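Undergrad: This is the structure I have questions about; it appears just below.
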Amino acid sequence: MNVLERIRKTFVYVAAVGCVVMVAAYLAGVGSTKAAGPPQAADQDVELQLGQQIFDELKAKGEIVESSPLYDQLRPISDAITRAAQPQYNHPFKFYLVHETQPNAFATPGGNVYVVDSLLYFVKNTEELAGTLCHEVSHTIHRDSVTLMEKDQKLTERDIAAAVLLGHPLAIALLGKLHSLSYSRDVESRADITGSDVCAATGYNPWGLVWLFRDFQNANMGQVPQLLSDHPGNQNRVNALEKHFRDNPSVFGKFNSDPKSAKPMSVPKDAPEVFLR
């Protein structure tokens, strides 16, 4: 199951719960003149609930790695990204290793970022890993997953909740439609650009994401992991990143575009893992 499918399921669940709460509050106090909270605060609450539900799902499936030597390779990168990206998001970023079959990384609403353990073995260098994680963090900064679902059906969380609770035919159509959602190339490219800015601020080479795209372009399509099947990539995205680098020499001019300059990943083979229960 890809990250958007996870978020889709959780989105509907959280929205339904929210609708139950609203109905209960209404029945308990019809006619109340108490002002509603600011919309932004309500959106943030939904993001936190979405993030917590996905965390609970991964924990229940025994996928979250509580401790492993692999964290020694991940933490320097994740700490640097947190320092650079945190001012752009109102909830704390937290990074977790998870165990799944395909190399992948995904960020969820609320600030959690999940890195599949095999991704550390898949990337060729620390810059490719940093670029991937900066890209994922940027989706959270932009609220891309929640916005995608809202805009695709021109609905809000409350509309979705009402449809589900009332058994409206819209709910059935909505659930089927959301199975096929994916980010557009424009959304992905925007996350690339923001991610490269975040990456430059960390001190890691933002060319890492370009190198990763090129590796995927040269790979056998049957070997492309979920990381890129979830995130459509093409030469246009590479071109957009390269143009961004050229247009901002004061930020990116100091970074070497040659992948031979990268620091190879040093990951212990068959590192032990203890899972969160």
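The numbers here are math on the coordinates, done by the rules we state, and not lab data. Given the structure is predicted, the values throughout are model-derived calculations rather than measurements. We place every Cβ from the backbone using ideal geometry, glycine too, and count neighbours over all the protein chains shown.
Undergrad: Net charge around ARG214, counting only other residues with Cβ within less than 14 Å of its Cβ (Lys, Arg = +1; Asp, Glu = -1)? Walk me through the intermediate numbers first.
TA: Numbers: positive: LYS124, ARG237, LYS260; negative: GLU127, GLU128, ASP192, ASP215, GLU242, ASP258.
Neighbour charge sum, excluding ARG214 itself: -3.
Undergrad: Where does the charge balance sit around ALA200 when Lys and Arg score +1, Asp and Glu -1, over other residues with C-beta under 12 Å from its C-beta?
TA: Details: positive: LYS254; negative: GLU127, ASP197.
Residues close to ALA200 contribute a combined charge of -1.
Undergrad: Going down the list LYS94/LYS124; LYS243/LYS269; LYS61/LYS260; LYS61/LYS269; LYS59/LYS260; LYS59/LYS243, which pairs span over 31 Å between their C-alpha atoms?
TA: LYS243/LYS269; LYS61/LYS260; LYS59/LYS260; LYS59/LYS243
Undergrad: Search the structure for amide H atoms under 5 Å from the amide H of PHE95, placed 1.01 Å from N in the peptide plane, and list their residues when 5 or more places away or on another chain.
TA: VAL113
Undergrad: Related question: If I take R0 = 45 Å and measure r between the Cβ atoms of ASN90 and ARG214 in this structure, what FRET efficiency does the formula 1/(1 + (r/R0)^6) give, to the nearest 0.05?
TA: Computed FRET efficiency for ASN90 and ARG214: 0.80.
Undergrad: Also, I was wondering about something else. How long is the gain from LYS269 to HIS142 if the chain were fully straight, where each residue apart is worth 0.36 nm and the alpha carbon distance is subtracted?
TA: On the way: separation 127, 0.36 × 127 = 45.72 nm, distance 3.58 nm.
Stretched fully, the LYS269-HIS142 segment lengthens by 42.1 nm.
Undergrad: Ranking request for peptides 202-212, 66-76: highest mean number of other beta-carbon atoms within 10 Å first, then the rest in descending order.
TA: Going from most to least packed, we get 202-212, 66-76.
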